[in-house]
Number of protein chains: 4
Amino acid sequence: MMEKKKLSRREMDKLRHRRQMLAAALDLFSLKGYHNVSMHEIAGKAEFAIGTLYKFFKNKEDLYKALIMEKADEYHRALSDVLSKENDTLAVIGDYIAAKAQIFANSVAALRLYFAETRGASFNIKAGLDQDIRKLYDEMVEQLVSTMKRGIDRKVLKEGDPYYMAVALEGLTNSFLFCWLEDPKHHSYEENVQMIKEMFLNGCLAK
Amino acid sequence: MMEKKKLSRREMDKLRHRRQMLAAALDLFSLKGYHNVSMHEIAGKAEFAIGTLYKFFKNKEDLYKALIMEKADEYHRALSDVLSKENDTLAVIGDYIAAKAQIFANSVAALRLYFAETRGASFNIKAGLDQDIRKLYDEMVEQLVSTMKRGIDRKVLKEGDPYYMAVALEGLTNSFLFCWLEDPKHHSYEENVQMIKEMFLNGCLAK
Amino acid sequence: MMEKKKLSRREMDKLRHRRQMLAAALDLFSLKGYHNVSMHEIAGKAEFAIGTLYKFFKNKEDLYKALIMEKADEYHRALSDVLSKENDTLAVIGDYIAAKAQIFANSVAALRLYFAETRGASFNIKAGLDQDIRKLYDEMVEQLVSTMKRGIDRKVLKEGDPYYMAVALEGLTNSFLFCWLEDPKHHSYEENVQMIKEMFLNGCLAK
Amino acid sequence: MMEKKKLSRREMDKLRHRRQMLAAALDLFSLKGYHNVSMHEIAGKAEFAIGTLYKFFKNKEDLYKALIMEKADEYHRALSDVLSKENDTLAVIGDYIAAKAQIFANSVAALRLYFAETRGASFNIKAGLDQDIRKLYDEMVEQLVSTMKRGIDRKVLKEGDPYYMAVALEGLTNSFLFCWLEDPKHHSYEENVQMIKEMFLNGCLAK
DNA sequence: GATGAATGAGTATTCATTCAT
DNA sequence: CATGAATGAATACTCATTCAT
């Protein structure tokens, strides 16, 4: 039980200011890329002085890392929540796809940063970040693998390497959702979600 | 008939020098990212003076663009060659996966740049590039869709949207090959290629 | 009524710093010429960091332009003040020559830049400046012509084209004052001023 | 007696090439200023390779100096020729003005360089040049002073300091001719020449 | 905490000059 | 002499970061 009420107005303000700064940074970073955004620009957009920005984040990298980790946490928590439900396998997989689609639809900005980091395309803001994000990602994959394993045990999914199944699901969701993001009018959201499920289950469902 | 022989030693040297510069740039960019590499660094690694570098590429962006386009061309040509063969559908798909795997195995460095660009993660080296690369990518997808269509017509693949099938194949190959790249010892190359094919065909083969 | 008092210490400092930078730039530019002075040199002489210089002037050209315009303004204002006095014509002309002599004596440095610009010898810091300075110059000449016209009307100066008289006065002052500047010990200031007046009036006085 | 005929074709070519290079340089320098013209640009305009340019002039400064001195020589020789004629004073002065006007009309390009150098506005291409040009200029002034002196002796010009008269004539010619150059349609060439003579003689003619 | 002026290391780019062919 | 590829010192300008108020 956390003591939420204990935050004074001062502390509330601080948190709000921090959020405003991160929001400004997210907008700019996702739009122009890490190196094409200056601290002054972020401070300006957040309507704070440059010195104030540095009171909250000790340097640019720190700000970036805080931002990425915050978003990665949200992302992984959302998926993790779904994967840890004790539902039947097919429901879990369906929910997973839907949850991921939700995230893609709602946080395009953050996604660009996330994929820049995880896809090795990261215009590496030095090391360190990789490790932390990687860990989150690996945990999530682990859960996905468990889900697959459970599905196989329960004879819902066919025999096979559950790791490969997880990889396949990842590939299909990313691919379909990216395509949809780039050209949202072409195919409906529901259709895409449906297709992912179908493609995956065609390949992995037990007969 | 192209007159290849007509290149004087001078011109041969120039081409070689250009290649050396691009090679140095590729190494550095893929390792540290566009903004974390200086022109001096590239010149140094290529063992040329900074001025010489600028004789070949009018500025940093131009060098980057030349590099990306050269690699993207190679990549797409390789896949395009496979897809335009008049073989039977399954062979083409198998060859496509194998060719893509080859590329992943051989040009990790270039791939990082390529995905940075196509995955929207591009830490935008200004505009212009997007368009050109995008076009190459779209053409390739178009060919892939045609292949699928032909497979459906010939009753090799089951009824369905050939575009979705192409997206699925893209997703599966990228996902499996990325995983394999990150952890090559864990699963063999052949096993991965095999898995991709299986997963895809399970979902798309006509019964 | 202007509110001069409203400047905070912060703002006062800023203005002083700006003046210091411009002073350093004037010294160096007039001594060595625009292209032979680096921004670092100016910053160094003004005892500021290079970045600070760029906070005040967005680039080298901008700094140069600010400098030239400031000096040209001073120069033209001084002459304009004299010419707009409602004195009798001969007094105005005498004052004009004296004022111009004062300026030559006091601001050799600025003069070199000014003549570089107005004499077409400008080693053109791109366009734009020409126009602004030209306008100031033309206005001043216009006033000079009016003075001549008035002198003619009042029968103080002889009949003739007042524009030509203005040109003649300009020529005589520049020529004498330049000579004097280059070799100040040879002939006294007063003697030169006297000679200019004499030469001019010999040519233009009504009999 | 110089041996002019002895120039072989080789040597003739060399001279022609040199002239072509200097002509290209004059065009560019007077148009864009010393520092805004590159040696490559000059070589390009003269249609020679950069190395060839350096065969003729050991560096950029040397080329500039050669150019300026050549033009200054022409300029001073033209005036000197007039001033050394044993005509009567008024004729000499008239010829001098006419000759100077001719030069202004014919070689605007060179003039800009010349005045940049002599007016102290010179964006000083290092030292050295000043001295040589200065000497030419002083010699010419000396001749002008002699002419004035002779005029006074012959009672054509009134009593007074011949040096000041020379300065006055210089001032009037420069001023009128500059104005005319800048706005040639406004007043005719003849009118200007006439005005200079009038103004000067009004001030200096013996009564 | 908040401010924003000042700092200066770092980087892209230019261009005079050389020299092997 | 002619060529033009190669050189690298020099310079304008940016931006993360600090600190006195």
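Once R0 is set to 22 Å, what does the formula 1/(1 + (r/R0)^6) return for the Cβ-Cβ distance between A:GLN131 and A:GLU70, expressed as a FRET efficiency to the nearest 0.05?
On the way: r = 17 Å, r/R0 = 0.75.
Efficiency at R0 = 22 Å is approximately 0.85.
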Per-residue ellipticity at 222 nm for chain B, helices alone: DSSP H runs ≥ 4 residues times -39500 (n - 2.57), over residue total, nearest 500 deg cm²/dmol?
-> -25000 deg cm²/dmol
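At a 1.4 Å probe radius, carbon and sulfur cover how many percent of the accessible area of the protein assembly as shown? Working shown, then result.
Values: 22620 of 42420 Å².
After summing per-atom areas, the C and S share lands at 53 percent.
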Sorted by chain and number, the residues with a modelled amide H under 5 Å from that of B:LEU205, at a separation of 5 or more or across chains, are B:LYS158
For each pair in B:LYS71/B:LYS197; C:LYS65/C:LYS158; A:LYS14/A:LYS135; B:LYS58/D:LYS71; D:LYS71/D:LYS185, compute the distance between the two Cα atoms and list the pairs where it is over 31 Å.
-> C:LYS65/C:LYS158; B:LYS58/D:LYS71
For C:LEU181, which inter-copy label distances result when the label point lies 7 Å beyond Cα on the Cα-to-Cβ vector, reported in nm to one decimal and in ascending order?
-> 1.7, 6.5, 6.7
Rank by packing, highest mean first: peptides A:69-75, C:172-178, A:149-155, with packing defined as the count of other Cβ atoms within 10 Å averaged across residues.
-> C:172-178, A:69-75, A:149-155
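Considering every residue in D:22-35, what mean count of other chain Cβ atoms within 10 Å of its Cβ is obtained? Intermediate results must be reported in sequence, preceding the final value.
On the way: counts 0, 0, 0, 0, 0, 0, 0, 1, 2, 1, 2, 9, 3, 6.
For this peptide, the per-residue mean of nearby foreign Cβ atoms is 2.
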Kindly give the distances from C:LYS85 to its copy-mates, label point to label point, with each label point 7 Å from Cα along Cα→Cβ, as nm values to one decimal ordered shortest first.
-> 4.5, 9.4, 9.8
Considering the rotation that carries chain C onto chain A, locate the chain C residue whose Cβ comes closest to its axis and report the distance in whole Å.
-> C:GLY51, 4
In terms of the alpha carbon gyration tensor, root eigenvalues a ≥ b ≥ c, rounded if a/c is under 1.5 and otherwise prolate when a/b exceeds b/c or oblate, the protein assembly as shown is prolate
Taking segment C:8-57 and dividing mean pair separation by its residue count, relative contact order in percent (alpha carbons under 8 Å, at least six apart) | 33
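Averaged over its residues, how many other protein chain Cβ atoms are within 10 Å of peptide C:90-99's Cβ atoms? Can you show the working numbers first?
Details: counts 0, 0, 0, 0, 0, 0, 0, 0, 0, 0.
Whole-number average of other-chain Cβ neighbours for C:90-99 is 0.
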Using the alpha-carbon centroid of each, what span in Å lies between segment C:26-47 and segment B:55-93?
-> 51
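Using the beta-carbon distance between B:ALA23 and D:GLU159 and R0 = 56 Å, what value does 1/(1 + (r/R0)^6) give for FRET efficiency, to the nearest 0.05? The partial results should precede the final answer.
Details: r = 85 Å, r/R0 = 1.52.
So, using R0 = 56 Å, E works out to roughly 0.10.
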Inter-chain Cβ neighbour average for residues C:171-180, partner chain, 10 Å | 6
Roughly how big is the A-B contact, given as buried accessible area in Å² (both sides, 1.4 Å probe, nearest 100)?
-> 3600
What does a probe at B:GLU41 reach in segment B:86-113, counting residues whose amide N is under 19 Å from the point 7 Å along Cα→Cβ?
-> B:108-113
Per residue, what accessible area does the protein assembly as shown have, given a 1.4 Å probe and all protein chains present, in Å²?
-> 51
Just by accessible area at a 1.4 angstrom probe, what is the order of A:ARG9, B:ARG16 from largest to smallest?
-> A:ARG9, B:ARG16
Please tell me the relative contact order of chain A in percent, rounded to the nearest whole number, where contacts are Cα pairs under 8 Å and at least six residues apart.
-> 18
Place the label 7 angstrom along Cα→C-beta at A:ARG19 and in each other copy, then list the distances from the first to the rest in nm, shortest first.
-> 5.0, 5.8, 8.2
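Hey, could you grab the Kirkwood Rh for chain B? Inverse mean 1/r over distinct alpha carbon pairs, Å, one decimal. Could you put the intermediate results ahead of the total?
On the way: mean 1/r = 0.0526 Å⁻¹.
Radius from the Kirkwood sum: 19.0 Å.
The values are calculated or read from the model by the stated rules, or taken from the named source; none is laboratory data. Only a predicted model underlies this, so the values are computations on that prediction, with no experimental measurement involved. As a convention, Cβ positions derive from the backbone with ideal geometry for all residues, glycine included, and neighbour counts pool all protein chains shown. Quick note on the areas: whole protein, heavy atoms, side chains included, nothing else; ligands and nucleic acids left out. Shrake-Rupley method; radii C 1.70, N 1.55, O 1.52, S 1.80 Å.
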